[in-house]
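Working notes for the structure below.
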Number of protein chains: 2
Amino acid sequence: MTIINAGDYLKKHGIKPSLQRIRIFEYLIKNKNHPTVDTIFRELAKEIPTLSKTTVYNTLNLFMEKNIVKVITIEENETRYDADTSLHGHFKCTECSRVYDFDLDVPKFKEEILKGFEIQERHVYFKGICKDCLLN
Amino acid sequence: MTIINAGDYLKKHGIKPSLQRIRIFEYLIKNKNHPTVDTIFRELAKEIPTLSKTTVYNTLNLFMEKNIVKVITIEENETRYDADTSLHGHFKCTECSRVYDFDLDVPKFKEEILKGFEIQERHVYFKGICKDCLLN
DNA sequence: TTTTAAATTTGTAATGATTATATTTTATAT
DNA sequence: ATATAAAATATAATCATTACAAATTTAAAA
Ligand SMILES: [Mn+2]
Ligand SMILES: [Mn+2]
Ligand SMILES: [Zn+2]
Ligand SMILES: [Zn+2]
């Protein structure tokens, strides 16, 4: 799914597209690096000098309510965000701390044990050392 | 895997079995409810009035280094611990906040994309509403 | 058994991420 | 242009975790 216009996309999901909201959402779809609040803030503060970190928090929480971003909690005390809401796995490299995406096959989950449970979210993440770091 | 004697198990893993360490480990294997530090502390403080929360933190971090417990980070700001180090999935109910175990089939992961990556940890968790809560 | 040293536990302070609150700024409607 | 609502900002508060130093316990040495 490619998002042509961030403003339209926000509107379509019931979010008034302010400058800050557009830039934060654009940052997420252009940099698929699963950034933290701090990363987003530091990067965008260059373009928007008045930006407040609170706004980044508020905006991401709003995005989550409206289901256009997902939260990634791999490490405690390091919350990351992802504008790709499709089901996919994440691999975090413990060397370079990059977070990679990888495909997941839903029906391959053995979920019989959870018969009678209503599953709303599925999260899969691996940790280890990425190809890049292994070659060094 | 059933652990007969907590003290022996700790020794076998290079951990000197102090009273606090034994009790904390026993709590984990007897209560498979994936407790938080706070839960462990509150429960054990009844038996060990001198217990310090710092000790619970220190002990769990030691257990993690020695690979006899795993950390579960489903929610940001709610770190839980599991003495079952085998690969299995977790289901967290958003109603009663219980965390259930469920089996996972390792080879069912589609990991071709991660060829060349060294995978050290695999984590799978789902969120939703458990059977119990759905029946109310 | 006493003495000494090391390991462990404890209490308190510091840190850092997130949220709460109040104020200011911006957008919208009359 | 004025009033009202929404959004952004600055600052303070909260809370989980860690850092640090002192006290206690355990183990080793004498
Ligand atoms: Mn992703
Ligand atoms: Mn478990
Ligand atoms: Zn790497
Ligand atoms: Zn439930």
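Residue under question is B:Ser86, and the condition is that it be away from ligand 3 (no atom under 16 Å from the Cβ), among the small types (Gly, Ala, Ser) and touching a helix residue (DSSP H, G or I) at 6+ places or on another chain (Cβ under 9 Å); does it hold?
On the way: away from ligand 3 (no atom under 16 Å from the Cβ): yes; among the small types (Gly, Ala, Ser): yes; touching a helix residue (DSSP H, G or I) at 6+ places or on another chain (Cβ under 9 Å): no.
Judged against the criteria, B:Ser86 is not a match.
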For A:Tyr125, all conditions in the list (1) touching a helix residue (DSSP H, G or I) at 6+ places or on another chain (Cβ under 7 Å); (2) of a type in the set (Ser, Thr, Tyr); (3) surrounded by 15 or more Cβ atoms within 10 Å (Cβ to Cβ) hold save one; what is the number of the exception?
-> (1)
Flag for A:Glu47 being modelled with pLDDT under 95, in the same structural domain as A:Phe25 (by TED's automatic domain parsing) and not polar (S, T, N, Q) = no
Being more than 16 Å from ligand 1 (Cβ to nearest atom) and surrounded by fewer than 12 Cβ atoms within 10 Å (Cβ to Cβ) narrows it down to one of A:Asn58, A:Asn77, A:Asn67, A:Asn5, so name that one.
-> A:Asn77
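The values are calculated or read from the model by the stated rules, or taken from the named source; none is laboratory data. All values derive from a computational prediction rather than experimental measurement. Cβ sites come from the backbone with ideal geometry, for glycine too, and all protein chains shown count toward neighbours.
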